[in-house]
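Just dropping this structure here.
The values are calculated or read from the model by the stated rules, or taken from the named source; none is laboratory data. Owing to the predicted nature of the structure, the values given are computational and were not obtained by experimental measurement. Cβ placement follows ideal geometry from the backbone for every residue including glycine, while neighbour counts extend to all protein chains displayed. Accessible surface areas use protein heavy atoms only, side chains included; no ligands, DNA or RNA. Shrake-Rupley method; radii C 1.70, N 1.55, O 1.52, S 1.80 Å.
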Amino acid sequence: MTRRRQAVIAGGGTGGHVVPSLQIARALVTLGYDPASIELFGSRRGQEATDWPPLEFPFTLLPGRGIRRSFRPAALWDNAGAVLGLVWAALRSVGSFVAHRPGVVVVVGGYAGFPAGFAAVVTRVPLVLVNTDAVPGAVNAVLGRFAAACAVAFPGTDLPRAQVTGTPVRPELRSLDRSEAGREAARAELGLPSRRQTVVAFGGSLGARRINGAVAALAGRWSERETTSIYHVAGRRDFTQFALKTPPRAGGGGECGKLDYRVVPFEERMPDLYRAADLCVCRAGAITVAELLLAGVPALLVPLPGAPRDHQTRNAEALAAAGAAVLVPDAECDGDRLAHEIENLLGDADRLAAMAAAARGLGYPDAAVSVARLVQAHAR
């Protein structure tokens, strides 16, 4: 007899969907679910294709890809293929749900979540949506009317039957010691000099060229600054370009004049970076924002232009309105603007402390468990 699935969690493509999916699954296990009864649904093209195989949960990778927002002939052709892939993935999901009879389906958003959400509606399986941005994504906006409940990260998110739970992220961020002693210990772990204010800049695994260029220009402007360190995670795509603009020792513990300026392609020790930072300069994606809030790190946010539904700007606006961050539009992000904003912040300890407190006030340390309980409440 085919084993029944207690829950299906669908969504993928990027870390913004993969991370919450895994944290919700693990929270369900703490509530008594058997890991073998929780199935993850994602895309063959997404980050989950490499992240999920070693894990403790069964998973299904479906065909399909996102829609390109362009009317060029090549984009239209690609979109036709994308639609056919989604249709096939939706039919496969319906067949899987008929066979495994899941008790509830959780959609975390992204194109990889649509087939499972569609199948839940067709087979009348209870549907719970998880929306990690300040505005609903396209998939959640379509499926929202059919959902039994919607777990949202921000108050006022325009989805029916919404409950504010926060965004599930890595649990180790809940207990970061960001006291002065804790920040000094983290700087030592990262090989940074002690007693220097630390600015951490990053823009995703590939990099954000606007942020990278502005930070490199800032480092040149601050070359004689002896009281500051810049830890610049340039991304794998952009590292070579921006590392070559710095002195030879940069990227391996180098300095730019008297300024301590480090350039690295990628950093797996993000909890240490958050702990060491006096200020972060970064994009405003859902996971980044949730991690900043949970860790209580003041931020200068540069939203990605052209993001679907301009969700990064809305995320950044929510933090700026609460006093947890400063928003700098991408078009205005250059070395001079960064220098102006960061110098004002680093020179005002009381403001940084207030921003950190505001960030912690918006964070949800128990987000994964809150979502899991909501899912459990609506499971059949």
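Collect the residues in segment 42-62 that are open to solvent by 30 Å² or more (accessible area, probe 1.4 Å) and part of a loop (DSSP other than H, G, I, E, B), keeping them in residue-number order.
Arg44, Arg45, Gln47, Pro53, Pro54, Leu55, Glu56, Pro58
What are the residues in segment 362-380 that are of a type in the set (A, V, I, L, M, F, W, C) and outside any helix (DSSP H, G or I), if any?
Ala379 - this is the single residue of segment 362-380 that is of a type in the set (A, V, I, L, M, F, W, C) and outside any helix (DSSP H, G or I).
Considering only residues that are assigned to a helix (DSSP H, G or I) and farther than 13 Å from Val263 by Cβ, look in segment 191-216 and name the one that is least open to solvent (accessible area, probe 1.4 Å).
Ala214
Kindly indicate which of Val104, Val122 is out of contact with any Gly (no Cβ under 7 Å at 6 or more places or on another chain), open to solvent by 20 Å² or more (accessible area, probe 1.4 Å) and under 23 Å from Thr60 (Cα atoms).
Only one candidate passes the filter, namely Val122.
Another one. Can you tell me how many residues in segment 136-146 are open to solvent by less than 30 Å² (accessible area, probe 1.4 Å), of a type in the set (A, V, I, L, M) and modelled with pLDDT under 95?
Residues in segment 136-146 being open to solvent by less than 30 Å² (accessible area, probe 1.4 Å), of a type in the set (A, V, I, L, M) and modelled with pLDDT under 95: 1 in total.
With respect to Arg183, is the statement that it is open to solvent by 10 Å² or more (accessible area, probe 1.4 Å), outside any loop (DSSP other than H, G, I, E, B) and in contact (Cβ under 8 Å) with a residue 40 or more places away in the chain true?
So Arg183 fits the description; yes.
Does at least one position in segment 352-365 carry a residue that is within 21 Å of the chain's Cα centre (by Cα), hydroxyl-bearing (Ser, Thr, Tyr) and open to solvent by less than 60 Å² (accessible area, probe 1.4 Å)?
No, that holds for no residue.
Of the residues Val169, Val128, Val164, only one is under 30 Å from Gln376 (Cα atoms) and open to solvent by 40 Å² or more (accessible area, probe 1.4 Å); which?
Val164
Can you tell me which residues in segment 288-342 are part of a loop (DSSP other than H, G, I, E, B) and open to solvent by 40 Å² or more (accessible area, probe 1.4 Å)?
Leu304, Pro305, Gly306, Ala322, Pro329, Asp334
Further, regarding this structure: How many of the residues making up segment 147-156 are β-branched (Val, Ile, Thr) and open to solvent by 10 Å² or more (accessible area, probe 1.4 Å)?
Number of matching residues: 0.
If you don't mind, another one. Residue under question is Gly285, and the condition is that it be surrounded by fewer than 20 Cβ atoms within 10 Å (Cβ to Cβ) and touching a helix residue (DSSP H, G or I) at 6+ places or on another chain (Cβ under 6 Å); does it hold?
Answer is no for this residue.
Given the residues Ala290, Ala316, which is the only one that is under 14 Å from Val135 (Cα atoms) and among the aliphatic types (A, V, I, L, M)?
Ala316
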